[in-house]
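Report on the following structure.
What follows draws every value from the coordinates through simple rules; no lab data is involved. As the structure is a prediction and not an experimental result, all values here were calculated from the model. Cβ sites come from the backbone with ideal geometry, for glycine too, and all protein chains shown count toward neighbours.
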């Protein structure tokens, strides 16, 4: 009974913070990382998505880059897959707790910074070969503006989003010149969308 109550409280707390993040509360994402792996990225289904995203980049964009930027890197679980594709990767996340855990992974070619897409785009003067924003667009209030900021940061941009966000995000990407592919998991489907700046 105590374990069930604990799980119920955790689910409610996570859901509440996700709703707060979508409503524009910048501290909500940081609160989510007070618990380890709030998105269950260590699950087999999410590991499949991480592996398939790295494979897609390698096979459809390039097998190696000089630089990569990962917006919404979280605890660095996807960074571990992306790091093999680049000489240098920078991971950015609004949660200092997540950045601390990502840094503790000691990925040799990775550096991490606390921030979000807006703050990083406003302060960064560097152009990256590839910018990824996996599973974050549906938390942002203005997708068009977010895609413009991604394009300002990278020559090639790649995003992923799960099937629950298809209706919300497909409408935007159908108006852009993008390429896409699906990742089919046992219980979920994701879309990979990428574009190269002209």
- Taking the chain as a Gaussian network, where each spring joins two C-alpha atoms under 10 Å apart, which residue of 186, 26, 44 fluctuates the most? 186
- Item | Spin-label proximity, residue 10 to segment 43-83 - amide N less than 17 Å from point 7 Å beyond Cα toward beta carbon | 43-46, 75
- Label assignment, Kirkwood radius over Cα pairs in Å derived from the structure, set (1) 17.2; (2) 19.0; (3) 21.8: (1)
- Message: With a 10 Å cut-off between alpha carbons and a GNM built on the chain, which of 55, 22, 175 moves the most?
- Response: 175
- Task: Once you've got the GNM for the chain with C-alpha springs shorter than 10 Å, pick whichever of 92, 131, 35 has the biggest mean-square fluctuation.
- Result: 35
- Task: Any chance you could give the angle, 0 to 90 degrees and rounded to 10, that helix 44-60 forms with the longest Cα principal axis of the chain?
- Result: 10 degrees
- Query: Helix 143-153 versus the longest principal axis of the chain: what angle, 0 to 90°, nearest 10, using Cα atoms?
  - Reply: 50 degrees
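Based on DSSP, what percent of beta bridges with both residues in segment 39-196 are antiparallel, to the nearest 5? Write out the running numbers ahead of the final one.
Numbers: 13 of 33 bridges.
Within segment 39-196, antiparallel bridges account for around 40 percent of the total.
Could you give the length gained on full extension between residue 60 and residue 177, defined as 0.36 nm per residue of separation minus the Cα-Cα distance, in nm?
Working: separation 117, 0.36 × 117 = 42.12 nm, distance 1.59 nm.
The residue 60-residue 177 span can extend by a further 40.5 nm.
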- Between segment 143-176 and segment 1-67, the Cα center-to-center distance that results, in Å: 18 Å
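For residue 3 and residue 40 in one chain, what is 0.36 nm times their gap in residues minus the Cα-Cα distance, to one decimal in nm?
Values: separation 37, 0.36 × 37 = 13.32 nm, distance 1.78 nm.
Length difference between fully extended and current span is 11.5 nm.
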- Message: I need the calculated FRET efficiency for the pair residue 27 and residue 167, taking r as the beta carbon distance and R₀ as 35 Å, to the nearest 0.05.
- Response: 0.75
- Using the per-residue mean of other Cβ atoms lying within 10 Å as a proxy for protection, in what order, highest first, do the peptides 109-116, 72-79 fall? 72-79, 109-116
- Message: At a threshold of 8 angstrom on Cα-Cα distance, excluding pairs fewer than six apart, so keeping six or more, what relative contact order does segment 68-198 reach in percent?
- Response: 20 percent
- Query: So what is the relative contact order of segment 4-125, in percent, for Cα pairs below 8 Å that sit 6 or more residues apart?
  - Reply: 20 percent
- Item | Estimated distance in nm for a label pair at residue 127 and residue 148, the labels positioned 7 Å out from Cα along Cα-to-Cβ | 1.9 nm
- Kindly express, to the nearest 10 degrees and within the range 0 to 90, the angle between helix 2-22's C-alpha long axis and the longest C-alpha principal axis of the chain. 40 degrees
